[in-house]
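Engineer: Please find one structure pasted underneath; my questions will follow.
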Amino acid sequence: MPRLKTLLVGLCAAGAMQAAEAHSRVFVMDGHSGKLNFNCGAMGLMDIGGGFTRFIAVISIDDEAPEEARAIVKVDANSLTSTDSEWLEDMRGPDFFDVAAHPQFDFASHHATVEGPGRIRLDGVLNLRGVSKPVSLHVTYKTSKAADGPAQVEAEGEVDRTAFGMNAYDIVLSDDVEIEVTGTAHPGFASSVAVLSALP
């Protein structure tokens with residue numbers, strides 16, 4: 001937690017410095033202004049969905065240099081929910097997210113590639129269940145023209161659950177899990193650390 005707070009402060013400070021010279025802005029999205037969901041196919045017939053209600057994402061976007069975009073996401077694993085209540089206990093258990101042993105996980109991007117106007121790919125590392133693996137998110141965003149306005153953000157990606165030790169029910173569940181983040185990211189600097197501090 002302290003290390004991530006330091007990263008967040010650094011990212012926010014960097015955004016503030018760049019904003020004075022260019023058009024870089026830092027935005028914050030959390031469980032109140034956005035949604036973090038996932039879906040996993042079951043026997044090719046249906047999807048088992050879930051999500052997390054407590055998370056914070058800090059995003060730095062430069063409208064003039066979108067390839068400089070960066071993001072840090074911190075998730076409270078204990079806030080796990082599911083559209084299928086029968087699967088929820090299994091998802092929280094050691095075969096999947098193992099929230100008792102790993103109450104938090106995070107993603108930090110280190111590189112961005114422009115895919116089109118208002119579209120970038122964020123390459124980074126997902127730290128989940130004590131395992132760190134590269135993950136890419138395809139992000140669509142629209143920033144407000146107002147300097148203090150919000151940004152609308154949508155992100156999607158795919159994760160191989162077995163790469164993070166989630167090998168249970170391999171005959172029933174797909175290895176590939178789709179991730180989706182949607183919502184409104186609000187301008188924020190010190191507020192990002194304040195929201196993060198509220199997480200357990």
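Taken together, the values in this text are just the output of simple stated rules run on the coordinates, not laboratory data. This one's a predicted model, so the numbers in the text were calculated from it and none came from an experiment. No Cβ is skipped: glycine too gets one built from the backbone with ideal geometry, and neighbour counts run over all protein chains shown.
Engineer: Take each of the peptides 140-148, 121-129, average the number of other beta-carbon atoms within 10 Å over its residues, and list them starting from the highest.
Structural biologist: Working: 140-148: 12.6, 121-129: 19.3.
Ranked from most to least packed, the peptides come out as 121-129, 140-148.
Engineer: Can you classify region 20-112 as rounded, prolate or oblate using the Cα gyration tensor, where a ≥ b ≥ c are the square roots of its eigenvalues, rounded means a/c under 1.5, and otherwise it's prolate if a/b beats b/c and oblate if not?
Structural biologist: Numbers: a/c = 2.76, a/b = 2.18, b/c = 1.26.
Prolate shape, in that a/c is at least 1.5 and a/b is the bigger ratio.
Engineer: Separate question: Tell me, in nm to one decimal, what length is gained between D148 and H102 on full extension, where the rule is 0.36 nm per residue of separation less the Cα-Cα distance? Don't jump to the answer; show the numbers that get you there.
Structural biologist: On the way: separation 46, 0.36 × 46 = 16.56 nm, distance 3.60 nm.
Extra length available between D148 and H102 comes to 13.0 nm.
Engineer: Can you tell me the FRET efficiency between D123 and T184 if r is taken as the Cβ-Cβ distance and R0 is 35 Å, rounded to the nearest 0.05? All intermediate terms of the calculation are to be shown ahead of the outcome.
Structural biologist: Values: r = 24 Å, r/R0 = 0.69.
Computed FRET efficiency for D123 and T184: 0.90.
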